[in-house]
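Q: Please find one structure pasted underneath; my questions will follow.
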C-alpha cells in the first residue's frame, strides 16, 4: 500500500487504518513493516534504554534504545517500533491483546514525529487548520484542546491539515506546515460538545475511548497539501470572565512558546535543536504568536474560532 503522510510517500505491507491510499506510484521515501521488525533493527532490541516520557504518576510511558543504527521504542502497553537513523524504515509490533488500530495511534503521531526529526524536519506539538488559504497552528501540551479546537474549525467549514504534530518547512518563501492525515482524534465529551449529546463517532481503536472524526468523508474537510503559516495560537486554558480572548505575546515570549512546543524534544541532537531554533525564529518573524483563553462553557468554543478567523482574515493584524 502507498500513502502520503507528512509529505512523505510511504509504502506499507498492510493497509493502515484512517488513511486514504495514494494512487500516484512515485518512489517510496519511507518503508513500514506492519507486524514485524526489519532484521537489522534487532541490534537495538537489547541496547540500554532511556525513558523518553513519563505519566503524571512518574511511570515510564515509552522507553527508547539505540544500537546498530536503529532506535527501538517500547511503549508501556507492549507496542514496539524500530526506526532507522535515516528515518527511512520503520518496524511495528504489538501484543495479542491489542490491535493494529492501537499501534497506529503511536505510528501516526510520535513515531512519525521521530521519523520527521531524523529527516531534518522541525515539528511542533500542534494541530493545523486552513483559514483564508493559510495555516493556523493551534499549539499546547496534551489535553490543551488542540484536536477539539481543530474540529470546531472544521465544523465552521475550514479544512484541517493535521492533528497533534505540525511538521514545518523553512523555505525561501517562508515557513509552511505539511499535511498529515485525514482524521481527528476526539474524546467522547468533546464529540458531545461539538455535535450534540446524542452524537456518535466510531471508536479510534477497540481498546481506547477516543473517537475518530473522518475528515475525508465529511465534505472533504482535509487539506492534503502544505500551506504557509499565518499565525500561531497557544491554547492556555478556559475562564468564565472576559473569555474568549486573544492575547499578544512579546517577541521573546513568542519564541519561547515555540521552543517549548517542540515535538519529541527528548531527541539528543544538537544539530536538530539549532535547526529548530532557526525555524522558530523565521516563523516568529513571519507569523504572530498569541495566547488564547477559551470560555469555560464548551458550547462557546465557536466564539474563539470566530475571533481567530477575524484576526487572520483581517490580514493586517495576523
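Q: Counting DSSP beta bridges with both partners in the chain, what percentage is antiparallel, nearest 5?
A: Percent antiparallel among DSSP bridges in the chain is about 75.
Q: Further question on the same structure: Please report the relative contact order for region 38-194, taking Cα pairs under 8 Å with a sequence separation of at least 6, and give it as a percent rounded to a whole number.
A: Working: 268 pairs, mean separation 20.9, N = 157.
Result for region 38-194 is 13 percent.
Q: Using 16 Å as the cut-off for backbone N distance, which residues of region 218-252 belong to the label zone defined by a point 7 Å from the Cα of residue 300 along Cα→Cβ?
A: Under 16 Å, as judged by backbone N against the label point of residue 300, lie 236-247 of region 218-252.
Q: Over region 46-113, how many percent of alpha carbon pairs lie in each 10 Å bin up to the one with the longest distance?
A: P(r) for region 46-113, in whole percents per bin: 21, 54, 25, 1.
Q: Compute the acute angle (0 to 90°) between the alpha-carbon long axis of helix 270-286 and the principal axis of greatest extent of the alpha-carbon atoms of the chain; round to the nearest 10°.
A: 20
Q: How high is the FRET efficiency from residue 256 to residue 310, r the C-beta distance, R0 30 Å, rounded to 0.05?
A: It comes to 0.70.
Q: So, in Å, what gap is there between the alpha-carbon centers of region 271-318 and region 249-264?
A: Cα centres, region 271-318 to region 249-264: 11 Å.
Q: Classify region 1-44 as rounded, prolate or oblate from the Cα gyration tensor: take a ≥ b ≥ c as the square roots of its eigenvalues, call it rounded if a/c is under 1.5, otherwise prolate when a/b beats b/c and oblate if not.
A: The shape class here is prolate.
Q: How much length is gained on full extension from residue 56 to residue 187, taking 0.36 nm per residue of separation minus their Cα-Cα distance?
A: 45.3 nm
Q: Given a Förster distance of 35 Å, report the FRET efficiency between residue 49 and residue 278 from their Cβ-Cβ distance, rounded to the nearest 0.05.
A: After rounding, the FRET efficiency stands at 0.65.
Q: Eigenvalues of the Cα gyration tensor times 5, then square-rooted: what semi-axes does that give for region 152-222, in whole angstrom, largest first?
A: 27, 14, 10
Q: Now for a different question. Give me the orientation-averaged projected area of the Cα convex hull of region 250-315, in nm², one decimal.
A: 5.9
Q: Hey, what angle do you get for helix 146-155 against the long axis of the chain, alpha-carbon based, 0 to 90 degrees rounded to 10?
A: Taking the Cα atoms of the chain, the angle to 146-155 is about 60 degrees.
Q: While we're on this one: Using alpha-carbon pairs under 8 Å, 6+ residues apart, how would you state the relative contact order of the chain in percent?
A: Across the chain, relative contact order equals 15 percent.
Q: With a ≥ b ≥ c the root eigenvalues of the C-alpha gyration tensor of region 1-142, is it rounded (a/c under 1.5), prolate (a/b larger than b/c) or oblate? Don't skip to the answer; put the middle values down first.
A: Working: a/c = 1.61, a/b = 1.19, b/c = 1.35.
Judged from the Cα gyration tensor, region 1-142 comes out oblate (a/c at least 1.5, b/c at or above a/b).
Q: OK, next. Would you kindly compute the Cα radius of gyration of the chain and its largest Cα-Cα separation (Dmax), both in Å?
A: 19.2, 58
Q: Using the alpha-carbon centroid of each, what span in Å lies between region 87-149 and region 23-44?
A: 18
Q: Let me ask you something else. Between rounded, prolate and oblate, where does region 15-86 land on the alpha carbon gyration tensor, with a ≥ b ≥ c its root eigenvalues, rounded for a/c under 1.5, else prolate if a/b exceeds b/c? Could the numbers behind the result be given before it?
A: Numbers: a/c = 2.70, a/b = 1.53, b/c = 1.77.
Taking the square roots of the gyration eigenvalues as a ≥ b ≥ c, region 15-86 is oblate.
Q: I need the calculated FRET efficiency for the pair residue 40 and residue 171, taking r as the beta carbon distance and R₀ as 41 Å, to the nearest 0.05.
A: Details: r = 34 Å, r/R0 = 0.82.
Here the calculated transfer efficiency is 0.75.
Q: As a test of the formula, what do you get for the chain when each DSSP H run with n ≥ 4 contributes -39,500 (n - 2.57) and the sum is divided by the residue count, at 222 nm and rounded to the nearest 500 deg cm²/dmol?
A: The helix contribution divided over the chain gives -7000 deg cm²/dmol.
Q: Can you give me the angle between helix 301-314 and the longest principal axis of the chain, using Cα atoms only, in degrees from 0 to 90, rounded to the nearest 10?
A: In the chain, helix 301-314 runs at an angle near 80 degrees to the longest axis.
Coordinate-derived values only; no laboratory data. This one's a predicted model, so the numbers in the text were calculated from it and none came from an experiment. Methodologically, a virtual Cβ is constructed for each residue, glycine included, from the backbone with ideal geometry; neighbour enumeration extends over all protein chains shown.
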